[in-house]
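Structure first, commentary second.
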Amino acid sequence: MPVPPEVLWTWMELHDSVSLYSAEKKIRRAAGLKRWQLQRWPRLPSGLQHSPLDERRLHRAAWNGCLEQIKALLELGVPAECQDPQGWTAVHHAAFSGHLPVVKFLLQRGTEVNCRDFFNCTPLHRACWSGHTQVAEYLLQLGASHETRTCSGQTPLHLATANGHLGTVRALLRCHSQPDSRDIHKWTPLHWAVFNGRGEVVELLLGAGVGVDGDEGEDMSPLQLAVLAGNETSVKLLLHCGADVNAKNHNGQTALHICAASGNKKILQQLLTGGAKVEVADADLVVPLHLAAGVGSRTVVHLLILSGAGLNTQDRLLMTPLHYSALRGNTEAAKLLLHYGAEVNTVERMGRTPLHLASERGHCDVLRVLLEGGADPSPRSHWQETAGDVASEHDQHNALQVLWQYQRSQKKTQTQGIQHSIQQQIY
């Protein structure tokens, strides 16, 4: 079912507005909004001004491919280069909608093939966004630049790959468009194809010689991005093509770190089968089990433990996975960690045990699990605070009640034990 023009237009406005803001906010602040608007949207000389209604009619006719109406409007003196509020000319509209005869006519009338809208997009960008290969090929034949970048640093190839237009991608690659160029977010066309799950485009780019791993230490590798997007097909394809499963981003995280935080069981199994190392630490000495214990599912935590993840590994703050589960209230993770032998009273850099962190956040279920697992409520932090003191300070009354009930039950058990011992001595 074709997408209505109104929906496409709304989507493009949103995309362009975000791109423009991120790229040009400094200009707005430095020059002032009014001056900036005049620089980006210069008015035509008074002798060439025309009715805004006529200009809107021209743009609508180009959008709808009404060539005869366009000719009539141009004969009335409406300039072909007039811009709408987004900076689009008639050829931008025609290229985006795929009306090749209109594009040819407007360019033959002298419209600049590389004219740009307010977001630095040329007609080629707009044609590639919507996947009109014939229009893109014609523009390229007339000298349209495949290297021009939008305000977000995207080339036409970025837009074609992001939207999965295989034919348009082939046309751009034939014209030697750079397949490894990066936008302002350091994403290549491969990143965009992977993120949006464009499997055929991913294969085409890899076949064109694009590096499967990108640059080590950059923001994210394509594999890490596929994991973040939860795209199982792309993960499988990249691993099959030799992607380094243990490659690190600028924070030292691997794909397994990202998967552990997202909790995707199937992708986790793919990564482990592909040779992912469970003990790789990032820049803060955080391993995947730390992240899984904090926000991951029971299944992910279990798989990491069975794969050899260290139960008591400490990060730069000396926090163990059990600290993470206590801090984030992940009860199931805490149960698993204790079941497999995690140390329940380990202290982090500030002298706090997992019980301190659970008390501070008021995670009563985790508190009960920790206490049943042997947690001692008496240790004091570097501020000489017990778990009960922390709960009281942060007004966690339910947590305080859980601790009091546990202490009462312990005293009762101790009393009964003493009485039983005395009775045995008497008899």
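Read-outs throughout are calculated quantities, based only on the coordinates presented, and are distinct from any laboratory measurement. Given the structure is predicted, the values throughout are model-derived calculations rather than measurements. Ideal geometry is used to build each Cβ from the backbone, glycine not excepted, and the neighbour counts take in all protein chains shown.
In straight-distance terms, cross-link reach from Lys248 covers every one of the aspartates and glutamates whose alpha-carbon lies under 15 Å from its own, apart from those fewer than eight places away in the same chain; here that gives Asp213, Asp215, Glu216, Glu218, Asp219, Glu279, Asp282, Asp284. Largest first and in whole Å, the equivalent-ellipsoid semi-axes of the range 256-299 read 16, 13, 7, each the square root of five times a Cα gyration tensor eigenvalue. Simple rule: put +1 on each Lys or Arg Cβ and -1 on each Asp or Glu Cβ in the range 313-413, find the dipole, and look at Ser378, Thr353, Gln314; the Cα lying farthest toward the positive end is Ser378. Applying D = kT/(6 pi eta Rh) to the range 57-211, where Rh is the Kirkwood radius over alpha-carbon pairs, T corresponds to 37 °C and eta to 0.692 mPa s, the Stokes-Einstein value obtained is 211 µm²/s. When you restrict to C-alpha pairs under 8 Å that are six or more residues apart and normalise by the size of the range 313-413, the relative contact order lands at 24 percent. Summarised in one figure, the compactness ratio Rg/Rh of the range 313-413, Cα atoms and Kirkwood Rh, is 0.94. Hey, which of these cross-link pairs are over 31 Å Cα-Cα: Lys277/Lys335; Lys104/Lys186; Lys104/Lys236; Lys266/Lys335? Distance filter (> 31 Å) returns Lys104/Lys186; Lys104/Lys236. Taking the fewest neighbouring Cβ atoms within 10 Å as the starting point, the ordered list for Leu225, Leu124 is Leu225, Leu124. The order of Thr161, Thr313, Thr168, going from fewest to most other C-beta atoms within 10 Å of their C-beta, is Thr313, Thr168, Thr161. Would you work out which of Gly362, Ser409, Leu327 lies farthest towards the positive end of the dipole of the range 313-413, given +1 charges on the beta-carbon of Lys and Arg and -1 on that of Asp and Glu, about the Cα centre? The residue sitting most towards the positive pole is Ser409.
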